[in-house]
1. Can you give the local net charge around PRO127? Use residues other than it whose beta-carbon is closer than 13 angstrom to its beta-carbon, Lys and Arg +1, Asp and Glu -1.
2. Give the residue list of GluC sites (Glu not before Pro) in the range 272-318 that are DSSP loop and have at most 16 other beta-carbon atoms within 10 angstrom.
3. If you take every DSSP beta bridge whose two residues both sit in the chain, what share of them, in percent to the nearest 5, is antiparallel?
4. Once you've got the Cα coordinates, tell me which of LYS131/LYS194; LYS101/LYS304; LYS42/LYS198; LYS182/LYS234; LYS17/LYS198; LYS88/LYS198 are over 26 Å apart.
5. Give the dimensionless ratio obtained when the Cα radius of gyration of the range 1-110 is divided by 2.2 N^0.38 Å.
6. When only DSSP loop residues count, what GluC sites (Glu not before Pro) in the range 122-160 have their Cβ near at most 15 other Cβ atoms within 10 Å?
7. Work through the residues other than THR273 whose Cβ is under 9 Å from its Cβ and net out their charges, Lys, Arg +1 and Asp, Glu -1.
8. What list do you get for SER200, SER221, SER112 if you sort them by fewest beta carbons within 10 Å?
Amino acid sequence: MNVALIGYGYWGPNVAKNIYANKQLKLHTICDLKESRLEKAKNLYVEHSNYEVDYKKLLAKPEIQAIAVAVETSAHFQIVKDALNAGKHVYVEKPFTATVKEAEELTALASSKGLIIHVDHIMMYHPCIQKIRELITSGDLGELLYIEAMRMNLGQIKKDVSAMADLAVHDLSIIDYLSDGKEPFYIKAVGEKKYNPKESLTFLMLRYHDFIAHIQSSWISPLKERKLIVAGTKKMVVFDDIKPSTEKLTIYDKGVDVLAGSDVEYEDYAVKTRVGDIWIPYIPEQDALYNSLEHFANCIRTNKQSDSGPEQAIRVLKILEHADNTMNA
């Protein structure tokens, strides 16, 4: 299946690398407005790909079945719309679009043409996140209590989106995936605009009917953090994406037991903390981006909607839009 990549800037080289490595996909063309970026691509892929400045020329080529979009968020809507109108399946970087309205329009267009849109909510395809979902669905974690997410670094500060739109979108897609698409009934965000027209630091609080979630996103932190805590009534899990691949996921057999009965003294009643084993499960090392592109290819081959398709992306965007409206209110 021939895929053309539009955008070879910050994330595009990673997408190109994984398309090239995938046996179901062929990196037909790399497109970027900047010749200097195309020169870098040519040095890597030489005659294995074609190179183009104008993405619209790609859309007229019938041999290209799919378009991968790795440009700034503000440009997603028009490029994806043009690709769908040209009959191409679309892989697009997160966030899907700048607004829910744009996302809904593209979703309707793809549906009317029978085309696949795959939004790269990449963390859904990380083997550790898939293991956490397995622990939840099997009942090993018990009922969800809370999810705490921290995604911080010094940079890369983007001008067209906030840190929340750029970073929290990962954690929101994870929460959506782990909870089978549950939607919060309470959303509140605070943030600070530093060195940027949009917020470089945000704190997002979400209340669901059976658990709560807190997401911290920052481009102005001295520490690099990529951490997720998922607490259940039976066990708790910590996913630390900064650690080596063999140590990223830790499961804690810790929790709180409620004591009850007529012979329980008042001072002993209510709760008692429980501390059990701590272990690190074996997780096969996999590339989440490769898994994401493999899923995209399989969806096209089987004509099946993506697990991170526009419906999920719209749920995530609705949270981000609502949170943005509450920011510092």
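Readers should treat all values here as calculations from the given coordinates under stated rules, not as data from a laboratory. Quick caveat: nothing in here was measured; it's all calculated off a predicted structure. Here the Cβ positions follow ideal geometry from the backbone for every residue, glycine too, while neighbour counts run over all protein chains shown.
1. Details: positive: LYS131, ARG133, LYS248; negative: GLU134, ASP241, GLU285, ASP287, GLU294.
So the surrounding residues net to -2.
2. Within the range 272-318, the qualifying GluC sites (Glu not before Pro) (loop, at most 16 other Cβ atoms within 10 Å) are GLU285.
3. Details: 40 of 67 bridges.
The answer is about 60 percent antiparallel.
4. On the way: LYS131/LYS194 37 Å; LYS101/LYS304 24 Å; LYS42/LYS198 35 Å; LYS182/LYS234 21 Å; LYS17/LYS198 31 Å; LYS88/LYS198 33 Å.
Table pairs above 26 Å Cα-Cα are LYS131/LYS194; LYS42/LYS198; LYS17/LYS198; LYS88/LYS198.
5. Dividing the Cα radius of gyration by 2.2 N^0.38 Å gives 1.01.
6. Details: sites: GLU134, GLU143, GLU148; in loops: GLU143.
Counting only loop positions with at most 15 other Cβ atoms within 10 Å, the GluC sites (Glu not before Pro) in the range 122-160 are GLU143.
7. Once all neighbours under 9 Å are counted, the net charge is +2.
8. SER112, SER221, SER200
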